[in-house]
Amino acid sequence: MNRGFKSGKRGSTRLPVEDVEYVEDFGRIIREAREKMGLTQEDLAQQLNEKSTIIRKIEAGEFNPPIELMRKIEKLLKVKLIVPVEEELKDVSKYIEKGEPSKSISLGLFLKKSEERERKKQ
């Protein structure tokens, strides 16, 4: 999963901008869409103002590009590569204290607990 973050102007705070992830097998989707449009990796790279080695690595699944580049690829190739992350509401609700809806855990603690649960599943 790749999530987008934006730094504040002062550089000390990182605020989540959006909670998204890349579709599974995005490299194959990009390659097939590029070929369908009759573009070479070099052609695509040139249109995106990127190096062709970056396109080759993305298509081979060796590189997860930044979200800005994925958005440019989506627009150019007219494919869907980025989707919202869907967090189950039941996971969030167990962190909200009962009887006091105004009290809840911090986002950082919630993410830490979510990561711990994911590790336990593996």
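Each reported figure results from applying straightforward, stated rules to the coordinates on display, with no laboratory input. Since the structure is predicted, the reported quantities are computational estimates derived from the model, not experimental observations. Virtual Cβ from ideal backbone geometry, glycine too; neighbours counted across all protein chains shown.
With a sphere of radius 10 Å drawn around the Cβ of residue 55, what net charge do the other residues whose Cβ falls strictly inside it have (Lys, Arg +1; Asp, Glu -1)?
Value of the local net charge: +1.
Using modelled amide H (1.01 Å from N, peptide plane; none on Pro or chain starts), what sits under 5 Å from the amide H of residue 20, excluding residues fewer than 5 places away?
4, 85
Within a Cβ distance under 12 Å of residue 28, other residues only, what is the Lys/Arg minus Asp/Glu net charge?
-3
Give me a comma-separated list of calculated 3J(HN,Hα) values for segment 57-69, in order, Karplus coefficients 6.51, -1.76, 1.60 applied at θ = phi - 60°, integers in Hz, x for any Gly or Pro.
Result, ordered by residue: 5, 4, 5, 7, x, 9, 8, 9, x, x, 4, 4, 5 Hz.
Quick one: which of 57/80; 51/78; 51/75; 36/57; 51/80; 78/112 span more than 30 angstrom between C-alpha atoms?
78/112
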